[in-house]
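Enquirer: Below is one structure. I have some questions about it.
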Amino acid sequence: MFRKLVSSVLGLSLLFVPEVKALDDPTHKELWDSLERAGVGILLNDTSLCEGGVSGMYSPAHRVLVVCQDERLPLTTKEVEWSDNDFDTLRHEAHHVLQDCLDGFDNDTIVPLFRDDNLREFVNNALTEKQIGSIIKIYKEQGADNDVIKTELEAFAVAASVSAGTIAQSIDKTCQV
């Protein structure tokens with residue numbers, strides 16, 4: 001039921017994708033452009049999906065990335081000034097795009113870029129123990145399995161430690177449509 005609702009909302013929302021004007025940071029604009037070149041739809045402040053504290057999401061089934069700005073206005077998709085957390089959300093969700101295309105788009109799966117010990121080392125170098133514990137706890141409470149938790153930990157670590165320009169280059173190199 002939830003999946004059908006998200007599918008319907010995403011389908012309708014893609015008809016009304018606003019032009020992003022305030023994305024003034026050049027490296028994040030480069031990241032935005034690389035996502036579009038990869039064929040990813042980007043929704044900003046979608047009134048149906050940006051509810052209940054959601055910062056963003058990526059749907060591999062629809063190849064759509066959503067950013068919900070911190071200071072967005074209720075019941076409108078109007079863009080507001082980008083916060084550091086908004087940029088962090090864009091980097092996080094863009095990494096999910098990279099995880100999606102690693103094993104090919106259009107298969108509804110995302111996989112970590114790093115494997116086992118390398119993933120553990122990368123995450124431990126980018127995030128604190130408290131952050132890692134909090135991420136694991138939140139996603140377990142939502143019913144996520146270990147594979148989802150690994151991809152989320154990696155995306156949080158990438159958002160915290162990898163530049164938008166580097167993520168953009170990786171998407172351009174790996175996610176050609």
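The values are calculated or read from the model by the stated rules, or taken from the named source; none is laboratory data. These figures come from a predicted structure and were not determined experimentally. Cβ coordinates were reconstructed from backbone atoms using ideal geometry, including for glycine residues, and neighbour counts include every protein chain displayed. All accessible areas refer to the heavy atoms of the entire protein, side chains included, with ligands and DNA or RNA removed. Shrake-Rupley method; radii C 1.70, N 1.55, O 1.52, S 1.80 Å.
Enquirer: Would it be correct to say that Val97 is part of a helix (DSSP H, G or I) and under 18 Å from Ile167 (Cβ atoms)?
Expert: Values: part of a helix (DSSP H, G or I): yes; under 18 Å from Ile167 (Cβ atoms): yes.
Against the criterion (part of a helix (DSSP H, G or I) and under 18 Å from Ile167 (Cβ atoms)), Val97 qualifies.
Enquirer: Among the residues of the range 82-92, are any assigned to a loop (DSSP other than H, G, I, E, B) and either polar (S, T, N, Q) or loosely packed, with under 15 Cβ neighbours inside 10 Å (or both)?
Expert: Checked the range 82-92: at least one residue is assigned to a loop (DSSP other than H, G, I, E, B) and either polar (S, T, N, Q) or loosely packed, with under 15 Cβ neighbours inside 10 Å (or both).
Enquirer: Could you say which residue among Asp103, Asp88 is touching a Ser or Thr at 6+ places or on another chain (Cβ under 9 Å) and at pLDDT 95 or above?
Expert: Asp88
Enquirer: Next question, about the same structure. If you go through the range 66-78 one residue at a time, how many are more than 10 Å from the chain's Cα centre (by Cα) and either under 18 Å from Glu36 (Cα atoms) or in a helix (DSSP H, G or I) (or both)?
Expert: Qualifying residue count, the range 66-78: 1.
Enquirer: Of the residues Ile171, Ile135, which single one is over 22 Å from Trp32 (Cβ atoms), in contact with a helix residue (DSSP H, G or I) (Cβ under 9 Å, 6 or more places away or on another chain) and open to solvent by less than 20 Å² (accessible area, probe 1.4 Å)?
Expert: It is Ile135.
Enquirer: Pairs only if they're at least six apart or on different chains, beta carbon under 6 angstrom, first in the range 112-134 and among the aromatic types (Phe, Trp, Tyr), second assigned to a helix (DSSP H, G or I) and modelled with pLDDT of 95 or more; list them, first residue then second.
Expert: Going by the 6 Å Cβ cut-off, the qualifying pairs are Phe114/Phe122; Phe122/Ala157.
Yes or no, residue by residue, for (1) assigned to a loop (DSSP other than H, G, I, E, B); (2) among the hydroxyl-bearing types (Ser, Thr, Tyr):
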{"site": "His62", "(1), (2)": "yes, no"}
{"site": "Cys101", "(1), (2)": "no, no"}
{"site": "Pro112", "(1), (2)": "yes, no"}
{"site": "Ser134", "(1), (2)": "no, yes"}
{"site": "Lys140", "(1), (2)": "no, no"}
{"site": "Ala144", "(1), (2)": "yes, no"}
